[in-house]
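For reference, the structure is listed below as structure tokens.
The values are calculated or read from the model by the stated rules, or taken from the named source; none is laboratory data. Just so it is clear, the model here is predicted, and its values are computed rather than measured. All Cβ positions, glycine included, derive from the backbone under ideal geometry; neighbour counts span all protein chains shown.
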Amino acid sequence: MQQPPRFMPDTSGLEIVTEVPERTMVIFAHPDDGELGAGGVIATWSAQGCDITMVVCTTGGSGSNDRAMDSQSIVPTRRAEQQEASRTVGAAHLEFLDHQDGGLEDDRVFRGEIVRLIRRHRPHTIFCHDPHRFEGFNHRDHRMVGTVALDAVYPYARDHLHFPEHIEDEGLEPHKVVQVLMWGSDRPNVIIDTSAGVETQILALHKHASQIGGLRGGPQVGDRLRERAESVAESYQFQYGQVYRRIIARR
Ligand SMILES: [Zn+2]
């Protein structure tokens with residue numbers, strides 16, 4: 001059977017996001033997803049003083065094509081790689097939720113953890129996976145993270161009667177996130193100039209040494225990434241960009 005062509009969404013005529021927020025959170029399923037999805041923006045924004053929190057939801061314990069590797073040995077490796085990669089893109093905070101790779105569920109426990117982190121770090125902007133993708137497979141963990149992150153923003157983190165124990169027992173306050181930007185969307189509606197951050201993004205991806213072989217492009221992941229970032233920015237005044245589906249929360 002012939003390989004279907006890779007789906008490429010239309011990236012012309014998108015709104016350009018230029019505002020650098022004070023605080024941003026990146027929520028993702030597996031070590032390296034955050035750098036792939038938002039590394040260029042994070043590197044650009046952190047250099048301009050944005051306070052970045054990265055939240056990795058699973059251990060990444062299933063992320064190996066090497067049959068000699070088991071989950072036990074891969075987990076500490078991926079944790080260390082994520083720490084290096086987060087430091088590289090300039091993230092000030094890194095949170096591990098340590099769920100089982102492939103085991104994320106849209107349940108109260110996971111939702112509560114994301115709500116707590118939003119209330120604690122109080123981000124203006126959140127980046128996460130787009131859970132509503134129809135072109136091609138979307139990893140179950142990616143769907144779960146996208147769904148739970150959107151629900152956590154609205155209404156759970158915002159309204160004090162949800163997870164009241166955060167407020168009564170932990171001294172946290174409800175928090176309104178202003179916007180969510182989702183990568184991997186079939187229907188992007190914004191683009192961000194990543195020209196100042198793309199090389200740092202590639203450097204960060206190379207910190208995930210155990211995963212490089214499995215990434216699209218393998219050791220040439222940087223070339224693939226530059227190529228893609230350049231093609232989406234074709235009709236704009238900058239060289240490299242990354243596109244997102246943005247949802248702005250009602251005030
Ligand atoms: Zn992933």
> Of all residues in the range 208-230, which are part of a helix (DSSP H, G or I) and in contact (Cβ under 8 Å) with a residue 24 or more places away in the chain?
Replying inline: Gly213, Gly214, Leu225, Arg226, Ala229
> If you take the residues in the range 28-67 that are surrounded by 19 or more Cβ atoms within 10 Å (Cβ to Cβ) and at pLDDT below 90, which one is nearest to the ligand (Cβ to nearest atom)?
Replying inline: Gly63
> Restricting attention to the range 6-27, does a residue exist that is of a type in the set (Phe, Trp, Tyr), surrounded by 15 or more Cβ atoms within 10 Å (Cβ to Cβ) and out of contact with any Lys or Arg (no Cβ under 7 Å at 6 or more places or on another chain)?
Replying inline: no
> Can you name the number of the only condition in (1) out of contact with any strand residue (DSSP E or B) (no Cβ under 9 Å at 6 or more places or on another chain); (2) within 16 Å of the ligand (Cβ to nearest atom); (3) of a type in the set (Ser, Thr, Tyr) that Ser185 fails?
Replying inline: (1)
>> Of the conditions (1) buried (at least 21 other Cβ atoms within 10 Å of the Cβ); (2) farther than 20 Å from Arg6 by Cα, Met182 satisfies every one except a single condition; which number is it?
In response: (2)
> Which of (1) among the polar types (S, T, N, Q); (2) touching a helix residue (DSSP H, G or I) at 6+ places or on another chain (Cβ under 7 Å); (3) assigned to a loop (DSSP other than H, G, I, E, B); (4) away from the ligand (no atom under 16 Å from the Cβ) is the odd one out, the single condition Thr18 does not satisfy?
Replying inline: (2)
